[in-house]
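Below is one structure, written out as structure tokens; the observations come after it.
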Amino acid sequence: MNDEHVNDDFEDDTDGENPDTSDELSSDDGSAEIFSEDAIEQAYLQALRASEEAGLVPDLPVLPPMVDELQEPMPEAAYETEAAEEHPAEEPEEDAPKTAFKPQQIIESLLFVGGEKLPARKIASLLGQHCSEESVRNWIEEISERYRDQQRPYEIVLGEEGYQMVLRSAYQTQRHLLFGLGPKEIKLSQDALEVLALVAYEQPISQESIQELDRSGVMAAVRQLVRRGLVTFEREDKVPVYRTTDRFLQLFGLRDLTDLPRSRDLSLK
């Protein structure tokens, strides 16, 4: 088909059907703009008015009012009051009463953990200002009586320096077997044993009195006893003297010096 003939027919048909359309759609600058923004807005408003008149647009839903329109905000004090009503404050718990220990219990603990001898005056001062030495002695007697009734393996004894909790002499053998603290494990020379006996019976004894033994190496034996913890060195009125120690009593199963044998010869176990 001839292109020129088709174009001529198309132009003739267009001119015949809508002779004025090309003039309306053409702009001054020659660009074709089908709809403008103003035209769209006008068409939308007209359609909206027509729909409202015909009852086609539903009514807008009624929104709930804002919170501030429902009720005024509750003041802070009101919140606190309401919270207090819902959760009443718990009453503070009273401090648990402190356990009151009996004087006898305190005395037992002091003698058990102290290790050293405590005189009645010292124990009374630890118990309080209103405690007397006589009360301490009575309480210790009550404790000792209870120990005897219950056949406890330990007892409270009174020595020259005060009260002390010790193992009964009947159980010393078991103690020595367990800890190896018997006199046989000391392994002292004969000279050292004689010096130890002298100190035990004559204490406090001065260095000059020991040297009167007139034996060679006597002071070496004394130093050996001091190193073993069986004899201690002290000064009385600026005079050096020697005494036996608590370890000496423990090793030989003695409660105090009054338990020393009558004979000057120590019987080793």
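Here is how the numbers come out for the structure above:
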quantity	calculated
Qualifying position, being within 16 Å of residue 189 (Cα to Cα) and modelled with pLDDT under 85, among 266, 225	266
Residues that are over 15 Å from residue 104 (Cβ atoms), at pLDDT 90 or above, crowded, with 16+ Cβ neighbours inside 10 Å and not basic (Lys, Arg), drawn from segment 118-164	119
Cβ-Cβ under 8 Å pairs, at least 6 apart or on other chains, segment 202-213 side over 17 Å from residue 191 (Cα atoms), far side of a type in the set (S, T, N, Q)	203/244
Selected residue (only one of 132, 144, 109 is among the small types (Gly, Ala, Ser) and under 20 Å from residue 259 (Cβ atoms))	144
Condition check for residue 217: modelled with pLDDT under 85, surrounded by fewer than 18 Cβ atoms within 10 Å (Cβ to Cβ) and within 22 Å of residue 258 (Cα to Cα)	no
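Table: residues versus (1) farther than 21 Å from residue 254 by Cα; (2) under 36 Å from the mean Cα position of the chain (by Cα); (3) among the small types (Gly, Ala, Ser).
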{"position": "116", "(1), (2), (3)": "no, yes, no"}
{"position": "123", "(1), (2), (3)": "yes, yes, no"}
{"position": "129", "(1), (2), (3)": "yes, yes, no"}
{"position": "141", "(1), (2), (3)": "no, no, no"}
{"position": "144", "(1), (2), (3)": "no, no, yes"}
{"position": "147", "(1), (2), (3)": "no, yes, no"}
{"position": "150", "(1), (2), (3)": "yes, no, no"}
{"position": "153", "(1), (2), (3)": "no, yes, no"}
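The values are calculated or read from the model by the stated rules, or taken from the named source; none is laboratory data. If you're wondering where the values come from, they're calculated on a predicted model, not measured in any experiment. For neighbour counting, all protein chains shown are included, and Cβ atoms are generated from backbone atoms with ideal geometry for every residue, glycine included.
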